[in-house]
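FYI, it's all coordinate maths here, none of it is from the lab. Just so it is clear, the structure is predicted and the values come from calculations on it, not from any experiment. We place every Cβ from the backbone using ideal geometry, glycine too, and count neighbours over all the protein chains shown.
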Amino acid sequence: MTTIRSLSLNENVHSLCELPVLSGTTGPDVINVEALYKQTGMFTYDPGFTSTASCSSTITYIDGEAGILLYRGYPIEQLAEKCTFLEVCYLLLNGELPTTSEMFKFESTITIHTMVHDQLTNFFKGFRRDAHPMAIMVGVVGALSAFYHDALDIKSKNDRDISAIRLIAKVPTIVAMCHKYSTGLPFMYPQNKLSYVENFMRMMLGTPCDDFAPNPVLVRALDRILILHADHEQNASTSTVRLAGSSGANPYACITAGIACLWGAAHGGANEAVLNMLKEIGDVSHIPKYIAKAKDKNDPFRLMGFGHRVYKNHDPRAKLMRTTCHEVLTELGLHDNNLFKLALELERIALEDNYFIEKKLYPNVDFYSGIVFHALGIPSNMFTAMFAMGRTVGWIAHWAEMIADPDQKIGRPRQLYTGATKRDVPKNHNTSS
Ligand code: SDX
């Protein structure tokens with residue numbers, strides 16, 4: 001980043017301070033306010049960080065006005081069409097697409113780390129069978145650090161690299177175990193002869209009693225869906241991972257913090273909420289009623305899968321997800337799927353409504369993903385775990401970038417205090433009374 005000019009902050013004609021303006025390779029310039037408090041005794045104030053850059057990064061770029069998403073400079077549309085998810089993982093972690101030999105080595109390394117320590121299965125027995133899979137994910141992924149003492153030195157690049165491999169390799173196994181545990185079916189062990197997504201689909205949907213023949217159309221669709229979920233700049237869960245990592249916490253704890261944050265319905269929990277919403281709407285004839293509810297300030301209902309903090313144009317992932325959804329439904333002979341038809345009609349009506357047009361509320365990545373997962377036979381309470389499986393590599397890439405940044409320090413925001421000023425406990429106050 002380069003300092004391109006300085007900005008004077010004035011108050012009542014007096015110059016309060018001069019702040020450097022920094023420029024990146026593309027996107028908005030930033031005002032470096034690091035010296036603001038020292039020079040003015042004031043903080044900035046930006047709840048929700050709508051205008052705040054928390055870091056510099058080389059990983060993902062979003063132009064929300066233009067609906068552009070780049071992973072290491074490559075457009076998401078091209079990556080989704082021409083690459084596999086593991087190639088995108090390599091790109092996000094290393095900054096460049098892999099050569100054939102690099103890809104072979106990376107994929108082979110991931111493959112041999114897909115199994116989890118057998119004692120990890122004991123953690124599941126402590127959960128009720130109907131526990132939400134994200135609650136189990138938080139518990140089990142967080143417990144991984146109890147098994148990998150050999151590589152928890154975050155200052156060691158080698159330890160960071162092996163932790164990244166272990167998480168990318170093992171999270172799908174744990175996601176599949178969450179599903180199996182909820183059904184009472186036995187856990188499925190990984191099979192090294194299968195590809196990353198074939199392996200996941202077999203662990204998730206297969207049983208020990210039958211040979212699992214993965215459908216190549218569905219495998220490619222899920223591989224693409226993981227690419228679409230892989231990273232998204234400084235979203236809430238990624239920022240959570242960065243903040244947790246800034247304290248020096250181990251990578252498993254940081255990724256667990258990201259999983260916990262992703263669970264929220266305003267974030268990664270939206271895909272499950274979209275499917276529940278579509279089921280609640282039930283019929284195209286009910287759409288106007290729900291559009292009216294979404295517009296009613298007194299009604300907490302929001303159109304799940306619509307809107308985005310950054311995209312004020314179409315979310316490029318939603319378009320790709322819609323196409324993938326149609327491919328999967330056609331392959332499965334479900335092209336007249338009522339939920340999909342309802343979603344298409346809901347999207348059409350919403351995008352013609354002035355409320356959504358004026359507030360620039362477009363379908364986001366979560367709007368169609370739930371329908372695809374549902375068609376693939378994945379239960380709705382597993383949808384956010386699927387999102388976490390794709391996003392794990394993005395979280396790790398940002399965590400590693402932050403740890404390797406020589407300027408990084410523990411994240412410690414300040415506040416605008418509006419509480420009681422100093423006061424004394426009443427002299428006659430007696431705790432035993
Ligand atoms: C993800 O950040 C990321 O990158 C996230 C993500 C990623 O890949 O990591 O892209 C994944 O989280 C996608 C978003 C999934 N969430 C949902 O689909 C839930 C429904 N969407 C909303 O909750 C909302 O749109 C957010 C949370 C996504 C964005 O909220 P903002 O940016 O804080 O916007 P806002 O709440 O201030 O809304 C602006 C206005 C408000 O009206 P006014 O107060 O200005 O009158 O738009 C309205 C909101 O009421 N609005 C909606 C709406 N979303 C915003 N009204 C109805 N339905 C909606 N979905």
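In table form, for the structure just shown:
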| read-out | value |
| --- | --- |
| Tally, over the range 245-269, of residues that are crowded, with 24+ Cβ neighbours inside 10 Å and over 24 Å from Asn381 (Cα atoms) | 2 |
| Top-ranked residue in the range 314-324 [being away from the ligand (no atom under 13 Å from the Cβ) and either in contact with a strand residue (DSSP E or B) (Cβ under 9 Å, 6 or more places away or on another chain) or part of a loop (DSSP other than H, G, I, E, B) (or both); ranked as farthest from Ala221 (Cα to Cα)] | Lys319 |
| Boolean, Glu358 is crowded, with 18+ Cβ neighbours inside 10 Å and out of contact with any helix residue (DSSP H, G or I) (no Cβ under 8 Å at 6 or more places or on another chain) | no |
| Ser182, sole failed condition from (1) part of a helix (DSSP H, G or I); (2) of a type in the set (S, T, N, Q); (3) touching a helix residue (DSSP H, G or I) at 6+ places or on another chain (Cβ under 6 Å) | (3) |
| Residue list for the range 124-142, filter: outside any loop (DSSP other than H, G, I, E, B) and either under 14 Å from Ala169 (Cα atoms) or touching a residue at least 40 places away in the same chain (Cβ under 8 Å) (or both) | Phe124, Pro133, Met134, Ile136, Met137, Val138, Val141, Gly142 |
| Of all residues in the range 270-313 being in a loop (DSSP other than H, G, I, E, B) and buried (at least 20 other Cβ atoms within 10 Å of the Cβ), the one that is nearest to the ligand (Cβ to nearest atom) | Gly307 |
| Enumerated strands (runs of 3 or more DSSP E) restricted to the range 1-103, each holding at least 1 residues that are away from the ligand (no atom under 16 Å from the Cβ) and exposed (fewer than 11 other Cβ atoms within 10 Å of the Cβ) | 2-11, 14-23 |
| Ala350 being small (Gly, Ala, Ser), closer than 18 Å to Arg302 by Cβ and within 16 Å of the ligand (Cβ to nearest atom) | yes |
| In the range 110-123, residue nearest to Ile162 (Cα to Cα) [restricted to those that are touching a residue at least 60 places away in the same chain (Cβ under 8 Å) and in a helix (DSSP H, G or I)] | Ile110 |
| Failed item, numbered, when Pro413 is tested on (1) touching a residue at least 12 places away in the same chain (Cβ under 8 Å); (2) surrounded by fewer than 17 Cβ atoms within 10 Å (Cβ to Cβ); (3) under 25 Å from the mean Cα position of the chain (by Cα) | (1) |
| Some residue of the range 243-256 being in contact (Cβ under 8 Å) with a residue 40 or more places away in the chain, outside any helix (DSSP H, G or I), over 21 Å from Ala135 (Cα atoms) and within 16 Å of the ligand (Cβ to nearest atom) | no |
| Filtered residues of the range 279-307 (kept if on the phi < 0 side of the Ramachandran plot and either touching a strand residue (DSSP E or B) at 6+ places or on another chain (Cβ under 7 Å) or among the charged types (D, E, K, R) (or both)) | Lys279, Glu280, Asp283, Lys289, Lys293, Lys295, Asp296, Lys297, Asp299, Arg302, Phe306 |
| Residues satisfying the stated conditions in the range 299-324, i.e. of a type in the set (Asp, Glu) and without any contact (Cβ under 8 Å) to a residue 12 or more places away in the chain | Asp299 |
| Test: residue in the range 215-228 that is surrounded by 23 or more Cβ atoms within 10 Å (Cβ to Cβ) and near the ligand (Cβ under 8 Å from one of its atoms) | no |
